[in-house]
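The values are calculated or read from the model by the stated rules, or taken from the named source; none is laboratory data. Just so it is clear, the structure is predicted and the values come from calculations on it, not from any experiment. Every residue, glycine as well, gets a Cβ built from its backbone with ideal geometry; the counts of neighbours run over all protein chains shown.
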Amino acid sequence: MRLVFEQAHRRFPHSRGAPYRSGNLMLHGWHISRIPTAIDNQMSDKTRSASAPVVRFAPSPTGFLHIGGARTALFNWLYAKGRGGTLLLRIEDTDHERNSTEAVAAIIDGLKWLELDWHGEPVSQFAQVHRHCAVADELLKDGHAYRCYLTPAELDQMRKTAEAEKRPLAIRSPWRDRDPKEAPADAPYVIRLKTPGEGETIIDDKVQGRVVFPNKDLDDFIIVRSDGNPTYNLAVVVDDHDMGVTHVIRGVDHLTNAARQLQVYKAMDWDVPVFAHVPLIHGPDGAKLSKRHGALGIEAYREMGFLPSALRNHLVRLGWSHGNDEIISTGQMIDWFDFDAIGRSPGRFDFAKLEDLNGHYIKSADDLELMQRLEDILPYVENGAEILERLDANTRAKLMAAIPSLRERAKTLKELLEGARYLFAERPIALDDKAAKLLDGADARKRLSALLPKLEAITSWEAPRLEETVRAFAEIEGAKLGKVAQPLRAALTGRSVSPPVFDVMAVLGREEALARIRDQAN
RNA sequence: GCCCCGUUCGUCUAGUGGCCUAGGACGCCGGCCUCUCACGCCGGUAACAGGGGUUCGACUCCCCUACGGGGCGCCA
């Protein structure tokens, strides 16, 4: 399938006049499709109410879905869901050299895991080159753009001069007003947009407010490269327009692009979408997210044992608020989310808070869902393979039975699994240092021996009955419950920490529990 | 360097001129509960970057400075 995608890229060389492409691409089981034609749009327009927003999430497939992208996707999704709108997914793959099909798969996988759905098939921006070029030609024809024959060396010189004079570089090519007939034959050229040069470009941003850019600072940016490929700033505008996008919600790093893109909208006389540029997310130290810290792929969070609901909750609270609400269900998010409550300053990703949130969601999750998620991450966690090996009908039932007591003390699925290890341990179970110490005292093992017959006499092996028995025993012994319960815990789990011992015994089952106690009694 | 944006407890934030001796959450510290660990509960620590204005009154409005961030590609 990957081949198909690569082939398609090859089939449409980056030169003018490549054949128009139709049909869809398949990749990792996902269709990457063309933007529907105008006729298709008319059809789907009927199903959309006039006021319902159309938003899009447009990641570039240069890597995995990172946390900032995930939040952008979430904001778009929430905005659409809350208003009966549509979320579209477009892969910005025009820079074929830096793209990878693995990245597309990772992004799609990440979105699916986060449970963010979109409408239709993901769209490949690259598949639209011809349309982008057609628009560029139109711009050229109408005099809104021009061919520029400036060489890299000349550009470099301009840059240096600007720097020396300490003024910003705003390229206004001499070719802007030159007669095209003077153009050197066969020389490579780029197509630049003829921008106003004077006045102001105003972005009325839903988050950033009214942002004014002096046009003198906006240069005649390139819309088509010398190899005939359209650039990003042209492609987004054309695609957003063709896809009927009404609201562009993306990171602030695109704010200055919005000013440039606005020039394209104006030149084409197209409706301008509503812009909302949301602040970025920083790493724990306040610095920009980098690969070293913070900028993990979304799948890393899954492997750390976080629930998508918890991640969504944390993500939405980063930069957006609804009064003092902290734990916000997806339904509430959808109802409440709007631009006016988005702040303008960047937030930091806080693992401690995510863990706390995750703990809440683990507590309230459905047993079956939890079980499923647990099994899902088994391949990725330490000792997971071991557990996976021993997971059969019997152990699965035990795990299921233990979940209520385990979930209370776990902040992540990983911790939950860690707490469940006693279920999978094989006799004689190994004691950790603290557990060994609990059984070290002169009385501990003796007590276990004395307790054994009482436990063996129990007919209904259930937590309340077990507790009753042990408590009565402790009383007769004149010992505090802890003096009996702790050695018991050590014998049953090999550790000093576990869910309540009576629950442990119940979950383990009569035979296994008694056998473990016998192993440690003298 | 130039352009744009920001700055409330350690962190995420509430706050839209008087309700603020600034509230919540996470974290941290203490206590209670207790068979361990958690949970839960109670209590504590801790912030309006600095300086000028405007106003009867500024966390809230304006200006400057400092600091932080983003952008300034034939990347997206």
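The one condition from (1) farther than 30 Å from residue A:306 by Cβ; (2) away from RNA strand B (no atom under 15 Å from the Cβ) that residue A:117 does not meet is (1). Tell me whether segment A:461-471 contains one or more residues that are in a helix (DSSP H, G or I), away from RNA strand B (no atom under 12 Å from the Cβ), free of Cβ contacts under 8 Å to residues at least 12 places away in the same chain and not acidic (Asp, Glu). Yes - at least one qualifying residue is present in segment A:461-471. Apart from one condition, residue A:215 fits all of (1) closer than 30 Å to residue A:277 by Cβ; (2) more than 12 Å from RNA strand B (Cβ to nearest atom); the exception is (2). Does residue A:327 satisfy the condition of being within 30 Å of residue A:209 (Cα to Cα) and of a type outside the set (Gly, Ala, Ser)? Taking the combined requirement at face value, the residue satisfies it.
Look at segment A:174-200 and say how many of its residues are under 42 Å from the mean Cα position of the chain (by Cα) and more than 10 Å from RNA strand B (Cβ to nearest atom). If you could, list the steps in order and put the result at the bottom.
We begin by selecting, within segment A:174-200, every residue under 42 Å from the mean Cα position of the chain (by Cα); these are A:188-200.
Next cut, more than 10 Å from RNA strand B (Cβ to nearest atom) only: A:193-199.
The total comes to 7.
For segment A:389-422, taking the residues that are acidic (Asp, Glu) and within 16 Å of RNA strand B (Cβ to nearest atom), the one that is nearest to residue A:495 (Cα to Cα) is identified as A:418.
Out of the residues in segment A:151-173 that are within 43 Å of the chain's Cα centre (by Cα) and among the charged types (D, E, K, R), state the one that is nearest to residue A:216 (Cα to Cα). Out of the qualifying residues, it is A:172. Just one of the numbered conditions (1) at pLDDT below 95; (2) more than 10 Å from RNA strand B (Cβ to nearest atom); (3) surrounded by 15 or more Cβ atoms within 10 Å (Cβ to Cβ) is not true of residue A:244: (1).
One line per residue, one yes/no per condition, for (1) at pLDDT 80 or above; (2) touching a helix residue (DSSP H, G or I) at 6+ places or on another chain (Cβ under 9 Å); (3) buried (at least 17 other Cβ atoms within 10 Å of the Cβ); (4) among the charged types (D, E, K, R):
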site	(1), (2), (3), (4)
A:126	yes, yes, yes, no
A:137	yes, no, no, yes
A:144	yes, yes, yes, no
A:159	no, no, no, yes
A:162	no, no, no, no
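Of all positions in segment A:251-268, none carries a residue that is surrounded by 16 or more Cβ atoms within 10 Å (Cβ to Cβ) and in a loop (DSSP other than H, G, I, E, B).
Considering the conditions (1) closer than 30 Å to residue A:53 by Cα; (2) at pLDDT 95 or above; (3) hydroxyl-bearing (Ser, Thr, Tyr), residue A:345 is excluded by exactly one of them, (2). Residues of segment A:354-372 that are away from RNA strand B (no atom under 15 Å from the Cβ), surrounded by fewer than 19 Cβ atoms within 10 Å (Cβ to Cβ) and within 19 Å of residue A:301 (Cβ to Cβ): A:369, A:372. For beta carbons closer than 7 Å, sequence separation of 6+ or different chains, a first residue in segment A:355-366 that is among the hydrophobic types (A, V, I, L, M, F, W, C) and a second that is in a helix (DSSP H, G or I) and surrounded by fewer than 18 Cβ atoms within 10 Å (Cβ to Cβ), there are no qualifying pairs.
Count of segment A:443-460 residues, restricted to those that are assigned to a helix (DSSP H, G or I) and loosely packed, with under 15 Cβ neighbours inside 10 Å, is 7.
Would segment A:433-442 turn up any residue that is within 12 Å of RNA strand B (Cβ to nearest atom) and at pLDDT 95 or above? Within segment A:433-442, none of the residues are within 12 Å of RNA strand B (Cβ to nearest atom) and at pLDDT 95 or above.
Within segment A:310-363, which residues are in a helix (DSSP H, G or I), under 19 Å from the mean Cα position of the chain (by Cα), closer than 25 Å to residue A:252 by Cα and aromatic (Phe, Trp, Tyr)? Across segment A:310-363, the qualifying residue is only A:351.
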